[in-house]
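Asks: The structure that follows is given in the form of structure tokens.
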Amino acid sequence: MSLDSPLRISQSLLTATGTRMFVYHEDRIPSGSPALVVSNHRSFMDAPVLMAGVGQSIRFACHHYMAQVPVLRDLVNQFGAFALEAPAHRQQAFFQQATGLLQARQMVGLFPEGAQTMVRSTQPGGMAEFHRGFAHLALRAKVQDLVVLPVAIASCEEIIVPWVPVKLLSLFDPTEPAFQQEGWHPMVIYKRVNVLIGRPFWITASQRESYQGKKAKTVVDDLLGHTHREIADLLHQGCY
């Protein structure tokens, strides 16, 4: 698979679904630097929307169960995504895979809200708390010129249809608490969506040094707070 294949597939998917996409603040997209793209997450379309929005292929980390379901497994491979491991080996494998991709000067995409926002109905402008893994990755990875790029996906018009019972997914990953609830997994299809690029956060040598010492929590909180606020502010702007 060539590096631009996921981008071409993403663009084709948006054409097939008739999705109208508008991108704002494109000048903030870094050129030539490895980037950790962080975004809010409500739809299976978020990964292709982000790729089409930044105009580059992005290697997304996706949920463990997606590599266990036959059809989804094929889609994961086509989009160049990498599935998280089972919980026992998840953290170490994730850091190794993501760091290797960033060292190869690729874009890596993460949805730090986790699975909960995908399996229950949520409002387009809402956002859950972020897991801290992406901040630890950014500060721990030995990658030159690394930037964390916050991106907001603001749905202006969408269709929501039931997909599968949520509990059915527990057959593929019984360790995921989000799969233990009643109801149907919603499938959100964007018809008109705004992609708003946030202010990038460049990782410096001094921040990495602080991360190794007593100020580790402070530097993680700074990165987490900047990214969450940036996306929340852009979502508040919503649809122009």
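For every residue, the table says whether it meets (1) buried (at least 17 other Cβ atoms within 10 Å of the Cβ); (2) in a loop (DSSP other than H, G, I, E, B); (3) modelled with pLDDT of 70 or more.
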position	(1), (2), (3)
41	yes, yes, yes
49	yes, no, yes
74	no, no, yes
80	yes, yes, yes
88	no, no, no
94	yes, no, yes
100	no, no, yes
121	no, yes, no
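Asks: Moving on. Please go through (1) open to solvent by less than 70 Å² (accessible area, probe 1.4 Å); (2) closer than 25 Å to residue 48 by Cα for residue 141 and return the number of the only condition it doesn't satisfy.
Replies: If we test residue 141 against (1) open to solvent by less than 70 Å² (accessible area, probe 1.4 Å); (2) closer than 25 Å to residue 48 by Cα, just (2) comes out false.
Asks: Out of the stretch 124-173, which residues are farther than 30 Å from residue 103 by Cα and in a strand (DSSP E or B)?
Replies: Hits for the stretch 124-173 are 154, 155, 156, 157, 158, 159, 160, 161, 162, 163, 164, 165.
Asks: So residue 203 clears everything in (1) modelled with pLDDT under 90; (2) more than 18 Å from the chain's Cα centre (by Cα); (3) open to solvent by less than 50 Å² (accessible area, probe 1.4 Å) except one condition, right? Which one?
Replies: The single condition residue 203 does not satisfy is (1).
Asks: Follow-up. For residues in the stretch 1-39 being in contact with a helix residue (DSSP H, G or I) (Cβ under 7 Å, 6 or more places away or on another chain) and part of a loop (DSSP other than H, G, I, E, B), which is farthest from residue 146 (Cα to Cα)?
Replies: If we take residues in the stretch 1-39 being in contact with a helix residue (DSSP H, G or I) (Cβ under 7 Å, 6 or more places away or on another chain) and part of a loop (DSSP other than H, G, I, E, B), then 29 is farthest from residue 146 (Cα to Cα).
Asks: A follow-up question, please. Would you point out which residue out of 234, 196 is in a strand (DSSP E or B) and either free of Cβ contacts under 8 Å to residues at least 60 places away in the same chain or over 14 Å from residue 135 (Cβ atoms) (or both)?
Replies: Step by step, each of 234, 196 is checked, and only 196 is in a strand (DSSP E or B) and either free of Cβ contacts under 8 Å to residues at least 60 places away in the same chain or over 14 Å from residue 135 (Cβ atoms) (or both).
Asks: Counting only residues that are open to solvent by less than 70 Å² (accessible area, probe 1.4 Å) and not small (Gly, Ala, Ser), how many does the stretch 7-23 have?
Replies: Final tally of qualifying residues: 8.
Asks: Shifting gears a bit: Scan the stretch 206-219 residue by residue and report those that are in a loop (DSSP other than H, G, I, E, B) and open to solvent by 50 Å² or more (accessible area, probe 1.4 Å).
Replies: Result: 212, 214, 215.
Asks: Then there's this: Find all pairs meeting these conditions: Cβ atoms under 6 angstrom apart; at least six residues apart or on different chains; first residue within the stretch 174-189 and in a strand (DSSP E or B); second residue open to solvent by less than 10 Å² (accessible area, probe 1.4 Å).
Replies: What qualifies is 185/119; 185/166; 188/43.
The values are calculated or read from the model by the stated rules, or taken from the named source; none is laboratory data. Small disclaimer: the values here were computed from a predicted structure and weren't measured. All Cβ positions, even for glycine, are placed from backbone atoms using ideal geometry, and neighbour counts span all protein chains on display. Protein only, heavy atoms only, side chains kept; ligands, DNA and RNA dropped before computing areas. Shrake-Rupley method; radii C 1.70, N 1.55, O 1.52, S 1.80 Å.
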